[in-house]
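For reference, the structure is listed below as structure tokens.
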Amino acid sequence: RPVPSPTGTHHLVWSGLEEIEPEIRSYLVMNEFAGDSLNRPDTVTTIYAGSLTYGAAASRVRRWAAAGDYGDLRVLYADAPGAWIEVPVPEGRGDEGVAVAALDDTTALVAWRDAYLGPGAGILRGSSWTLATAPPMTDLFDSAPRLRLRPSGGYWLSWATARNFVGIASYHDGFWSPAESVFCAHLRPEAHYSQSAAAMSRDDGEYPAVSWMAVSSLTGLTSVCVCAPGDSGFTVAENLAGSEAGISPV
């Protein structure tokens, strides 16, 4: 999974497929491209093997990772490979998604969604954790938040929904904007569910391109929706012809 990181750097985060017995856990790992190859993988921690809710971010001097780990939201940071430090987080589960972004070299924003407790956010400044205003992911089935830098200031947040659109909001100076809905002009007439993560482009445009998988309520087939924004904001996404093959957008 791509990680928000400084211009010219490319970090990744993923969880392993192996199960570490007897606790049924797997490794959470970060890595970075150096030229045309990957550096040595850096193990962040272990998480529940069934968890796919995790995120990470990098600045010039520090990296952060967060995960929903079988009912616990866990947040860690590192200033060197293999030197991860976990910060106690008394609230949150992150079982419906976690996202991380660097606010400066030593400060990170963490946004998450709990299945029953709703959305939440916090700021890790150095090693000090404080709660922040919760993002506007207010529907019961909102999930899979993603964060991306907004060049004019702050960050974009995207998320999946159980309806015919994905959600978008922005964060700046401690506040979230009202939620926007990015709809898709589906080629088939039935209802669709936008329950995959809404990926945002990593270019330097003010408004990112947004892509996601939509699921037909009639056939269960998935297809790809892509929103190419204009200069003044987001537009209706195009439903790509021939994309009903269960392929995730990149």
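Remarks
- Shown here for segment 68-158: GluC sites (Glu not before Pro) in loop regions (DSSP other than H, G, I, E, B) with at most 13 other Cβ atoms within 10 Å, namely Glu91.
- The chain, relative contact order in percent, only Cα pairs under 8 angstrom and at least six apart counted: 10 percent
- Neighbourhood net charge (15 Å Cβ-Cβ; Lys/Arg +1, Asp/Glu -1) for Ser152: -3
- For segment 1-66, the spread of Cα coordinates along the three principal axes comes to 40, 22, 17 Å, biggest extent given first.
- Cα centroid separation - segment 25-97 against segment 154-188, whole Å: 25 Å
- Net charge, Ala80 excluded, C-beta distance under 15 Å - Lys, Arg +1, Asp, Glu -1: 0
- Net +/- balance of residues flanking Asp139 in space, Cβ distance below 15 Å, scoring K and R +1, D and E -1: -2
- Pairwise Cα distances in segment 80-157 exceed 21 Å in 29 percent of cases.
- Each eigenvalue of the Cα gyration tensor of the chain, multiplied by 5 and square-rooted, gives one semi-axis; in descending order these are 28, 20, 19 Å.
- Sites listed here are chymotrypsin sites (Phe, Trp or Tyr not before Pro) in segment 58-112 whose DSSP assignment is loop and whose Cβ has at most 16 other Cβ atoms within 10 Å: Tyr70.
- Dipole magnitude of segment 1-71 about its Cα centre (Cβ charges: Lys, Arg +1; Asp, Glu -1), debye to nearest 20: 400 debye
- Ranked by how many other beta carbons lie within 10 Å on average, peptides 174-180, 31-37 from highest: 174-180, 31-37
- Dipole magnitude (debye, nearest 20) for segment 96-250, charges at Cβ of Lys, Arg, Asp, Glu: 220 debye
- Whole-Hz ³J(HN,Hα) from phi, Karplus 6.51 cos²θ - 1.76 cosθ + 1.60, for segment 70-82, glycine and proline x: 6, x, 10, 7, 10, 10, 9, 9, 8, 9, 8, x, x
- Under 5 Å from the amide H of Ala49 lie the amide H atoms of Arg25, Ser26, each residue being 5 or more positions distant or on a separate chain, with H modelled from the backbone and absent for Pro and chain starts.
Where a number appears in this text, it was derived from the coordinates with a stated rule and is not lab data. Values in this document were obtained by computation on a predicted structure and should not be read as measured data. Cβ: placed from backbone, ideal geometry, glycine included. Neighbour counts: every protein chain shown.
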